[in-house]
1. Identify the residue in segment 180-197 that is among the hydrophobic types (A, V, I, L, M, F, W, C) and farther than 16 Å from Phe70 by Cα and, among all such residues, is modelled with the highest pLDDT.
2. Being acidic (Asp, Glu) and touching a residue at least 24 places away in the same chain (Cβ under 8 Å) is the filter; apply it to segment 172-192 and report the residue that is nearest to Gly157 (Cα to Cα).
3. For segment 140-178, give me the residue count where each residue is buried (at least 21 other Cβ atoms within 10 Å of the Cβ) and modelled with pLDDT under 75.
4. Out of (1) farther than 20 Å from Glu174 by Cβ; (2) modelled with pLDDT of 90 or more, what's the single condition that is false for Thr110?
5. With the requirement that a residue be among the small types (Gly, Ala, Ser) and modelled with pLDDT of 90 or more, what does segment 36-68 give you?
6. Could you list, in sequence order, all residues of segment 96-108 that are more than 17 Å from Ile189 (Cα to Cα) and surrounded by 15 or more Cβ atoms within 10 Å (Cβ to Cβ)?
Amino acid sequence: MPGVVSERPALEALDRLGLTDDVYRVKQSLVRNRYTVYDEGGEAVLEGKQKLLKMKEEFPFEHPDGTPAFTVKAQQVFDVAGDYAIVDPETDEPVLVLGKQFTFFHHAWTISDAEGRLLARAESRSTLLDVLRSVSSIFALIPYRYAIEDADGEPIGEIRERFSFRDKYDVAVEDAGEVPRSALLAAAIVIDALEGN
């Protein structure tokens with residue numbers, strides 16, 4: 001509506017990506033942290049790769065035509081257990097923040113808006129498997145699963161790895177509510193890369 005100011009302009013930066021499917025397939029290349037996201041029809045909708053030799057970790061995402069979609073940037077130098085901002089390429093401003101939570105027995109992440117308001121959580125659902133993975137890399141062959149819940153603890157989706165020799169997993173979104181689907185996709189890829197899944 002003309003003249004109405006949105007209460008969430010930063011989140012609309014990700015809304016304009018037009019990701020409306022309920023399930024997306026993410027495939028990682030064999031050689032490095034390079035990802036392609038496919039919609040339910042099998043069409044590539046996003047591509048992202050981890051930039052190498054950067055002081056702060058960085059994952060730029062783009063559309064298949066090469067136009068920038070968003071970038072995930074570490075907030076600290078060599079940050080392997082902290083916050084990662086999803087940055088709008090048009091404004092270079094943070095839109096969302098992915099925060100790794102310290103836990104002993106499972107992996108847990110938060111998704112917050114740029115002002116710090118919690119929107120969602122992603123937590124691994126295989127505590128025993130997480131412990132075994134920390135002991136030996138042989139257990140990395142067993143597929144993992146993360147449940148995604150909104151700020152009230154209601155399920156809104158999941159990240160589920162498929163058994164294959166190439167990293168391949170699905171991100172299913174039931175009803176994302178206030179969380180853009182693209183934020184859940186970015187979270188899935190960052191979790192995969194940083195947790196070494």
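The values are calculated or read from the model by the stated rules, or taken from the named source; none is laboratory data. Predicted model, so just to flag it, every value in this text is computed and none were measured. Cβ placement follows ideal geometry from the backbone for every residue including glycine, while neighbour counts extend to all protein chains displayed.
1. Checking each candidate, the answer is Ile191.
2. Let us first name the residues in segment 172-192 that are acidic (Asp, Glu), namely 174-175, 178, 192.
Those still in the list that are touching a residue at least 24 places away in the same chain (Cβ under 8 Å) too: 174, 178, 192.
On the way: Glu174: 5, Glu178: 13, Asp192: 16 Å.
Across segment 172-192, the extreme among qualifying residues is Glu174.
3. 2
4. (1)
5. Taking segment 36-68 first, the residues among the small types (Gly, Ala, Ser) are 41-42, 44, 48, 66.
Passing the criteria: Gly41, Gly42, Ala44, Gly66.
6. Once the filter is applied, which keeps residues that are more than 17 Å from Ile189 (Cα to Cα) and surrounded by 15 or more Cβ atoms within 10 Å (Cβ to Cβ), segment 96-108 yields only His106.
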